[in-house]
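Enquirer: The following block contains the structure, expressed as structure tokens.
The values are calculated or read from the model by the stated rules, or taken from the named source; none is laboratory data. Please read all numbers here as calculations on a predicted model, not as lab measurements. So basically every Cβ, Gly included, is an ideal-geometry build from the backbone, and we count neighbours across all protein chains shown. Surface areas here come from the heavy atoms of the whole protein model, side chains and all, with no ligands, DNA or RNA. Shrake-Rupley method; radii C 1.70, N 1.55, O 1.52, S 1.80 Å.
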Amino acid sequence: MIDFNQIKIGDYVLADSGDQKWNGEVIELNHDDKQICVETEVQSFWYDPEDIYPIPITDESLIKLNFVREEEPDGTV
């Protein structure tokens, strides 16, 4: 879970809809009801803060976010 006060429009998050988790972008915040609107590849939907998580930092998630993997001669990536 991410604290509501730390979430901003434009953040990429993992939204849990109960039966599935979706990567998406925060497109709107409702400060009165403390809800977060996340746009996924399927649709936009409102979530409660307890259903929003940070995206794990993996090779797969970084590639989806348009990072490019570069292996350096010294073995670092």
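Enquirer: From the residues in the range 17-54 that are among the charged types (D, E, K, R) and assigned to a loop (DSSP other than H, G, I, E, B), which one is nearest to ASN5 (Cα to Cα)? Steps first, please.
Expert: First, the residues of the range 17-54 that are among the charged types (D, E, K, R): 19, 21, 25, 28, 32-34, 39, 41, 48, 50-51.
Restricting the remaining residues to those that are assigned to a loop (DSSP other than H, G, I, E, B) gives 19, 32-34, 41, 48.
Details: ASP19: 26, ASP32: 12, ASP33: 13, LYS34: 9, GLU41: 25, ASP48: 12 Å.
Of everything passing the filter in the range 17-54, LYS34 is nearest to ASN5 (Cα to Cα).
Enquirer: Further, regarding this structure: Would you mind telling me which numbered condition in (1) part of a loop (DSSP other than H, G, I, E, B); (2) open to solvent by 100 Å² or more (accessible area, probe 1.4 Å); (3) of a type in the set (A, V, I, L, M) ILE63 fails?
Expert: Of everything listed in (1) part of a loop (DSSP other than H, G, I, E, B); (2) open to solvent by 100 Å² or more (accessible area, probe 1.4 Å); (3) of a type in the set (A, V, I, L, M), ILE63 misses just condition (1).
Enquirer: Anything in the range 43-59 that is hydrophobic (A, V, I, L, M, F, W, C) and either out of contact with any strand residue (DSSP E or B) (no Cβ under 7 Å at 6 or more places or on another chain) or touching a residue at least 24 places away in the same chain (Cβ under 8 Å) (or both)? List them, or say none.
Expert: Step one: of the range 43-59, the residues hydrophobic (A, V, I, L, M, F, W, C) are 45-46, 52, 55, 57.
Passing the criteria: PHE45, ILE52, ILE55, ILE57.
Enquirer: Would you mind finding the one in ASP16, ASP33 that is of a type in the set (D, E, K, R) and open to solvent by 60 Å² or more (accessible area, probe 1.4 Å)? Give the steps one after another, and end with the answer.
Expert: Numbers: ASP16 fails: open to solvent by 60 Å² or more (accessible area, probe 1.4 Å).
Going through ASP16, ASP33 in turn, the sole match is ASP33.
Enquirer: Within the range 37-60, restricting attention to residues that are out of contact with any Leu (no Cβ under 6 Å at 6 or more places or on another chain) and aliphatic (A, V, I, L, M), which residue is most open to solvent (accessible area, probe 1.4 Å)?
Expert: ILE57
Enquirer: Search the range 4-18 for residues that are more than 16 Å from GLN43 (Cα to Cα) and pair each with any residue that is exposed (fewer than 14 other Cβ atoms within 10 Å of the Cβ) when their beta-carbon atoms are under 8 Å apart and the residues are at least 6 apart or on different chains.
Expert: Qualifying pairs under 8 Å: PHE4/LYS34; ILE9/ILE27; ILE9/GLU28.
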